[in-house]
Protein chains: 4
Amino acid sequence: MHFASDNTSGVAPQIMAALNAANAGHVPSYGADAVSEAAVARIRTLFEAPEAAVYFVATGTAANALSCAILTRPWQAVFCHREAHIEVDECGAPEFFTDGAKLVLVEGEHGRMSAGALMQTIATTGPGGVHHIQRGMVSLTNATEAGTLYAPDSVGEIAAVAQAYGLPVHMDGSRFANALAALGCTPAELSWKAGVDVLSLGGTKNGCMGVEAVVIFDPERAWEFELRRKRAGHLFSKSRFLAAQMLGYLGGGLWLEMAGHANAMAARLSEGILGVPGASLLHPTEANEVFAVLPRLVHARLRKAGAEYYFWPDDPAPEGPADEMIAARFVCSWATTGAEVDTFLSLIR
Amino acid sequence: MHFASDNTSGVAPQIMAALNAANAGHVPSYGADAVSEAAVARIRTLFEAPEAAVYFVATGTAANALSCAILTRPWQAVFCHREAHIEVDECGAPEFFTDGAKLVLVEGEHGRMSAGALMQTIATTGPGGVHHIQRGMVSLTNATEAGTLYAPDSVGEIAAVAQAYGLPVHMDGSRFANALAALGCTPAELSWKAGVDVLSLGGTKNGCMGVEAVVIFDPERAWEFELRRKRAGHLFSKSRFLAAQMLGYLGGGLWLEMAGHANAMAARLSEGILGVPGASLLHPTEANEVFAVLPRLVHARLRKAGAEYYFWPDDPAPEGPADEMIAARFVCSWATTGAEVDTFLSLIR
Amino acid sequence: MHFASDNTSGVAPQIMAALNAANAGHVPSYGADAVSEAAVARIRTLFEAPEAAVYFVATGTAANALSCAILTRPWQAVFCHREAHIEVDECGAPEFFTDGAKLVLVEGEHGRMSAGALMQTIATTGPGGVHHIQRGMVSLTNATEAGTLYAPDSVGEIAAVAQAYGLPVHMDGSRFANALAALGCTPAELSWKAGVDVLSLGGTKNGCMGVEAVVIFDPERAWEFELRRKRAGHLFSKSRFLAAQMLGYLGGGLWLEMAGHANAMAARLSEGILGVPGASLLHPTEANEVFAVLPRLVHARLRKAGAEYYFWPDDPAPEGPADEMIAARFVCSWATTGAEVDTFLSLIR
Amino acid sequence: MHFASDNTSGVAPQIMAALNAANAGHVPSYGADAVSEAAVARIRTLFEAPEAAVYFVATGTAANALSCAILTRPWQAVFCHREAHIEVDECGAPEFFTDGAKLVLVEGEHGRMSAGALMQTIATTGPGGVHHIQRGMVSLTNATEAGTLYAPDSVGEIAAVAQAYGLPVHMDGSRFANALAALGCTPAELSWKAGVDVLSLGGTKNGCMGVEAVVIFDPERAWEFELRRKRAGHLFSKSRFLAAQMLGYLGGGLWLEMAGHANAMAARLSEGILGVPGASLLHPTEANEVFAVLPRLVHARLRKAGAEYYFWPDDPAPEGPADEMIAARFVCSWATTGAEVDTFLSLIR
């Protein structure tokens, strides 16, 4: 019962096959090979963005931090949700890559910025001149860190606020496939058509070995990205092996299939949990993560049976009453099986 | 005839097998898995350094720049050879990761710093106080960018100069295996026993997909490295796939076998080239790279036959006399075949 | 009626005299002169800190940002009040000087961090390891941006929390003299005896031309400070003219006399304002700043009469009902006269 | 006999008078005062540059580093002479302010880059793409660190090379007045008319207390400068006292008068030295600095008589033969007297 994270799973067989297939002979390094070109072309087609610049890096933190770096200057603010990955889980990577920009935190329930809160936060940031951090960019996460979604309309509302202040919009899409699978819209509708300028398109959490694409819809920013990527040590010499993962991942709809499966497993888990007396959800289950509150007794039983997951947001005290309610996060992935979920559910009942 | 770089080759079958084997089930992410532990243990054993901290990243630039970052402060100098990879080929990554340290260039023939030139350069850097960049660290490359070697004694001479000024020593070992295979010494003799504090141990150029180990012989610097690695986006969630490459690479002596093969191919190429009337070498061929001067006529014939390689250091004028001598670099790898070399040699004769 | 800021005033005559007196002949540059030595000695004596390292810079932003830089690493948090000058009014200088540290905001009424809120914020920052910003330092401001004070006991409570986590403490004392004059304690009691490690000791706002001292009670951090100061362009060649200001400022109790005067003027203003029907204070008046809420009608009368001050925190709408209550900030300085205050008060009645 | 530096002298009486005069009443802070406006206007007029943005900072390092910061990106090269102040004497300030740009050193005799060497250095920097530092800007110093000059034609040659590569040009003019006084041209001829985009116009070394103007001939770069200045702690609250120095300095031709005097003293010193048997000059004396080689015996006599100056570039061994020739630097300033020079010369004969 592996619910600790979607990154404890391995590589989907089709993607591993793509890696093995790409390992033939000599090809130019640093992205000038046919596999890399094909992967870029695939993404342009999928996103209906023939002009987009597309680059591959190996981690989500790199994708996000490089994206922020090309969209801000050091004296500017990155507006993001209080619980955004770039704020909470990247050890200050955005500050490092931007040479010291400030993340200014926006409130919002269930991991989502509200357009109103964003507008208020932007409006009160730096209007008075040189003494203050200036407005820089907006970054939103979809699916969010709370396992919830922004539908295209909601992305559009956020982007409209940004545009009203002339700010570019970045989307941290480390779970973009989960969002897409759940919402049933097109990649374009959830990105540039809704006002996103740069997208971190995740692969790693959803069955790849380690690859994320950065999709830059305005190619004017491309060359700076290339220089920053190299300077940050994120340009791979054997780039074909990043691209091959992406090709395997996006080919034949595999990415959405796997994300849809993970979402379905989370939904099944979520419904089962709600059947436990007293259990409740911290956040609605909209993608592949379940945030649930369960009695200490149930947690003890799950842990004893070997279930892997994290308490949320922090570990509880080691001792306490059996009926004490304790929150936890359960993440499903492409590799989660119905049997795992059902075993889990049988334990909590 | 693929002599453009050792990174145009693919992944050695044994290493690809190790990747496939590591792809089983769920394991903890971020390096807390058994494969990662085994790879660390393997390196500690190979280097006779049971206390060493060992970390994996995917690119040589990341390995070098992170190493520099933990060994200097922003107002210090990194002493390195004028042609060092960190100076010439990393788009300023050391400056980025160190928050602005200055690379101070040391002269020396055939890509090697001389101990005397290093001492002179250190002595004249920043002795006078707060107005000047302070002395920070020494970085040397082995095998060098000129395809030459520092034997353990030579490393020791460089390190002795550094130690006389209290400076730590980094070795860029993106081709450390080539050096080791050529010199026939132990990993320890070529690193910490000779005075190296931190080693970038390359895998990518020598048959891996994309992995370098940073071996920190003084573990006091380990935690800072971990934070900087994460902050730079170089901590992989599915870390097992970096470690698996290293395990496959270092297992059963594969790394030295492949490096030895590449060196042998370069030697064969080098000897053959010297048989051409008028041909000469820019640098002695001591590892897997050949820097040779050939007539324009010969280059034309090679290019026409599809040979891939770079002119060195720059492209010549497009037109010129047939007997004009033009320098080029030819790199051999684990994947270079004797047949490739022989075809090449038959063409130049 | 000049209440816009304490930095619209000029230089106290005694300090200008000190500057003129220091302008005799040739002296060594960069702080190796007798005036600089005397100023350092004066501060060491006043603070009962014979070992303290003392440096002069010309702006409060420089003093604060350099102090933060020597007390944190780039991946660490600077804990400060949500309204701290370093957060709000320095255009990201702390991020710049620290190479990207993160300011983590602590709540608290009237510009003061509460020890409980600080403990809670520190406790929830980065306990989980490498993914998160690490705990770095605490910075508090005294007198605060809200014109309130931390008494030595309160400083001690804040410092005790910091020390419980092993964190150093910086005090932004751009109005330290105002705090001292109001509290009637010794400089040592309000700084190192209460747990402050590094103090920005302001001069500019209180009658100097442009000088702040950074007092580093642990001299181990001194050399790094010197290098960072030079690297940031804050080492003056003709340093005697910074030191001379400080000597004049601290000589014969002038600094406390001027600060006491400014505080008294603010108290007089505050009391007078409270006499206005409907008027109230946003914050208690404890030093030289008054934050008051007055009817729009009164503001109109004041502005018409030429009174200079800022609305707070933002400008109100240009039009509104005459009895609408609007907040503003009134700052008194060494140069504020009783007549100015009384004219002001006669207008608002 | 004060020849250690032009910054050991004090403040010219006329400039001190301007400071005293500016100290009247309350004025707006941060540069929005009448004195600041007048100083800006004065510089625009003197430079025939009515659109120029003009800012004041207190140190030459700040002026230079901020200028570099607005003219480059972190992955670019700053081309400068090997002995430039920004390379040698600012403890890495340019690297700090530019977030890690690389200073690429250009050769040239007597402290001057030759246009040919500059072209060669630019041409071989980063033409090959993303792996290399990119071309950024050119910085030249006038008068140079060797006490020599670039005449307007020479500046124009350097600027023409820069322009051929699309690079902006910065001039470090900490001794611009000395250059101007010696060359007899106009400020415009020696700056923007010759192709300079941004000028650091020194005041401190030539009789001011601590002020340099940054003159940005293309005002598009102005707002970024303002933000960077604030962020670096170089925006003065009581800005009138920077501006007042500049007004006093530039008023009535004082700056050129003082610089001309310093130059004349250096010429007299230089001629006298050449009368000593065996003495010679390291560099031609073209402004206010003399680099001369004198016998150890003469140095001993000078030191014994209390003459202050630095050996150059480093201190000699403490003991040696009496006729050993040892180089030293002698700097004259606005405050150097003919009597000092003559006493000095009488000693060396």
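The values are calculated or read from the model by the stated rules, or taken from the named source; none is laboratory data. Keep in mind that this is a model prediction, so the values were computed, not measured. Please note: Cβ atoms are built from the backbone with ideal geometry, for glycine as well, and neighbour counts cover all protein chains shown.
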remark   = Scanning the range A:231-246 residue by residue, those within 17 Å of residue A:175 (Cα to Cα) and either touching a strand residue (DSSP E or B) at 6+ places or on another chain (Cβ under 6 Å) or among the aliphatic types (A, V, I, L, M) (or both) turn out to be A:246
query = For residue A:335, which of the numbered conditions (1) away from chain B (no Cβ under 14 Å); (2) surrounded by fewer than 23 Cβ atoms within 10 Å (Cβ to Cβ) fails to hold?
reply = (1)
task = Pull up the range D:133-175, narrow it to residues that are assigned to a strand (DSSP E or B) and of a type in the set (Gly, Ala, Ser), then point me to the one that is surrounded by the fewest Cβ atoms within 10 Å (Cβ to Cβ).
result = D:136
query = If you take the residues of the range B:105-129 that are outside any helix (DSSP H, G or I) and modelled with pLDDT of 95 or more, which of them is nearest to residue C:222 (Cα to Cα)?
reply = B:105
ask   = Pairs under 7 Å by beta carbon, first residue farther than 16 Å from residue A:330 by Cβ in the range A:293-318, partner in a helix (DSSP H, G or I) and aromatic (Phe, Trp, Tyr), six or more apart or different chains?
value = none
ask   = Just a yes or no: is a residue in the range D:108-130 more than 15 Å from residue D:80 (Cβ to Cβ), surrounded by fewer than 24 Cβ atoms within 10 Å (Cβ to Cβ) and touching a Leu at 6+ places or on another chain (Cβ under 8 Å)?
value = yes
ask   = If you check residue B:83 against the conditions, is it in a loop (DSSP other than H, G, I, E, B), buried (at least 23 other Cβ atoms within 10 Å of the Cβ) and under 14 Å from the mean Cα position of the chain (by Cα)?
value = no
Top-ranked residue in the range B:1-22 [being closer than 30 Å to residue A:4 by Cα and either free of Cβ contacts under 8 Å to residues at least 24 places away in the same chain or under 24 Å from the mean Cα position of the chain (by Cα) (or both); ranked as farthest from the other protein chains (Cβ to nearest Cβ)] = B:18
Test: residue B:327 is in a helix (DSSP H, G or I), surrounded by fewer than 20 Cβ atoms within 10 Å (Cβ to Cβ), small (Gly, Ala, Ser) and at pLDDT 95 or above = no
inquiry  = Is it the case, given these coordinates, that residue B:184 is within 11 Å of chain D (Cβ to nearest Cβ), on the phi > 0 side of the Ramachandran plot, without any contact (Cβ under 8 Å) to a residue 40 or more places away in the chain and not aliphatic (A, V, I, L, M)?
reply    = no
note = Looking across the range B:64-80 at residues that are within 14 Å of chain C (Cβ to nearest Cβ) and of a type in the set (S, T, N, Q), the single one that is nearest to the chain's Cα centre (by Cα) is B:72
message = Being of a type outside the set (A, V, I, L, M, F, W, C) and on the phi > 0 side of the Ramachandran plot is the requirement here; does residue B:147 meet it?
response = yes
request  = Among residues belonging to the range D:8-24 that are assigned to a loop (DSSP other than H, G, I, E, B) and modelled with pLDDT of 95 or more, point out the one that is farthest from residue C:22 (Cα to Cα).
outcome  = D:23
request  = Quick one: in the range A:252-293, of everything that is part of a helix (DSSP H, G or I) and among the charged types (D, E, K, R), which residue is surrounded by the fewest Cβ atoms within 10 Å (Cβ to Cβ)?
outcome  = A:271
ask   = Could we say that residue D:94 is in contact (Cβ under 8 Å) with a residue 12 or more places away in the chain, within 14 Å of chain C (Cβ to nearest Cβ) and assigned to a loop (DSSP other than H, G, I, E, B) here?
value = no
task = Would you be able to say whether some residue in the range B:215-236 is aromatic (Phe, Trp, Tyr) and touching a Gly at 6+ places or on another chain (Cβ under 6 Å)?
result = yes
query = Which of (1) more than 14 Å from chain D (Cβ to nearest Cβ); (2) buried (at least 24 other Cβ atoms within 10 Å of the Cβ); (3) part of a loop (DSSP other than H, G, I, E, B) does residue C:208 not meet, given it meets every other one?
reply = (1)
query = For residue C:99, all conditions in the list (1) on the phi < 0 side of the Ramachandran plot; (2) within 14 Å of chain A (Cβ to nearest Cβ) hold save one; what is the number of the exception?
reply = (1)
inquiry  = of a type outside the set (Lys, Arg) and touching a strand residue (DSSP E or B) at 6+ places or on another chain (Cβ under 7 Å): which single residue out of C:334, C:255, C:312 fits that description?
reply    = C:312
request  = Out of C:190, C:199, C:183, report the one residue that is crowded, with 24+ Cβ neighbours inside 10 Å and farther than 22 Å from residue C:74 by Cα.
outcome  = C:190
request  = Just name the residue that is nearest to residue B:187 (Cα to Cα) out of those in the range B:219-231 that are of a type outside the set (A, V, I, L, M) and free of Cβ contacts under 8 Å to residues at least 40 places away in the same chain.
outcome  = B:220
ask   = With (1) on the phi > 0 side of the Ramachandran plot; (2) under 24 Å from the mean Cα position of the chain (by Cα); (3) not hydrophobic (A, V, I, L, M, F, W, C) as the list, and residue D:30 as the residue in question, which single condition is left unmet?
value = (2)
Test result for residue C:70, under 24 Å from residue C:237 (Cα atoms), in contact with a helix residue (DSSP H, G or I) (Cβ under 8 Å, 6 or more places away or on another chain) and assigned to a helix (DSSP H, G or I) = yes
Residue under evaluation residue B:253, criteria (1) closer than 30 Å to residue B:14 by Cβ; (2) in contact (Cβ under 8 Å) with a residue 24 or more places away in the chain, criterion not met = (2)
query = From the residues in the range C:211-230 that are within 13 Å of another protein chain (Cβ to nearest Cβ) and under 13 Å from residue C:65 (Cα atoms), which one is nearest to the chain's Cα centre (by Cα)?
reply = C:212
key: Residue in the range A:241-250 that is outside any loop (DSSP other than H, G, I, E, B), surrounded by 24 or more Cβ atoms within 10 Å (Cβ to Cβ), among the aromatic types (Phe, Trp, Tyr) and out of contact with any Lys or Arg (no Cβ under 6 Å at 6 or more places or on another chain) present   = yes
query = From the list B:307, B:292, B:266, B:279, which residue is among the small types (Gly, Ala, Ser) and more than 19 Å from residue B:148 (Cβ to Cβ)?
reply = B:307
message = Any residue that is facing chain B (nearest Cβ under 10 Å) and over 18 Å from the mean Cα position of the chain (by Cα) - is there at least one of those in the range D:135-149?
response = no
key: Any hit, the range D:35-43, residues being more than 20 Å from the chain's Cα centre (by Cα) and either within 14 Å of chain C (Cβ to nearest Cβ) or assigned to a loop (DSSP other than H, G, I, E, B) (or both)   = yes
